[in-house]
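Right, one structure below, let's go through it.
Values in this text are rule-based calculations from the coordinates and carry no lab data. Keep in mind it's a predicted model, so treat the numbers as computed, not measured. Cβ coordinates were reconstructed from backbone atoms using ideal geometry, including for glycine residues, and neighbour counts include every protein chain displayed.
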């Protein structure tokens with residue numbers, strides 16, 4: 001199972017999205033391997049602009065597993081934010097929550113975002 005970040009979903013929703021990312025995501029959805037969490041869904045709802053995108057998002061909401069942001073996930077995201085700041089790095093709040101959620105549930109991250117590369121490196125430094 002892969003927790004799919006917002007950027008990848010955008011490629012799937014938009015007709016002008018990257019066809020390679022779109023194909024990879026649609027394959028994950030077709031095989032029941034795509035997941036998301038509420039911060040990702042909120043980013044998508046905040047960014048959609050057409051009825052076509054709304055329709056796709058509603059359809060996906062019926063199919064895609066949604067992993068909750070528990071107190072443990074929240075605390076992990078806070079710890080990541082703190083560790084990042086100690087090393088001079090700042091991350092978007094949503095990326096912190098998404099990364100912490102994926103790691104809490106032992107999910108792989110499917111992304112198109114350099115922040116997750118840095119967050120993964122930061123996580124490896126902490127053991």
- Task: Using per-residue counts of other Cβ atoms within 10 Å, averaged over each peptide, order 49-55, 11-17, 69-75 from highest down.
- Result: 11-17, 69-75, 49-55
- Query: What's the angle, to the nearest 10 degrees (0 to 90), between helix 38-47's Cα axis and the longest principal axis of the chain?
  - Reply: 50
- Item | Listed peptides 22-31, 86-95 by packing density, highest first (mean Cβ within 10 Å) | 22-31, 86-95
- Message: Can you order the peptides 35-44, 107-116 by their average number of other Cβ atoms within 10 Å per residue, highest first?
- Response: 35-44, 107-116
- Who wins for biggest fluctuation among 46, 100, 77 in a Gaussian network model of the chain, springs between alpha carbons below 10 Å? 46
- Task: For the chain, find the longest principal axis of its Cα atoms and tell me its angle to the long axis of helix 93-104, 0 to 90°, nearest 10.
- Result: 80
- Message: Could you tell me the ratio Rg/Rh of segment 2-67? Both radii from Cα atoms, Rh via Kirkwood.
- Response: 0.91
- Query: Going by alpha carbons, how many degrees (0 to 90, nearest 10) lie between the helix axis of 71-86 and the longest principal axis of the chain?
  - Reply: 60
- Item | Equivalent ellipsoid semi-axes - Cα gyration tensor, the chain, angstrom | 26, 14, 14
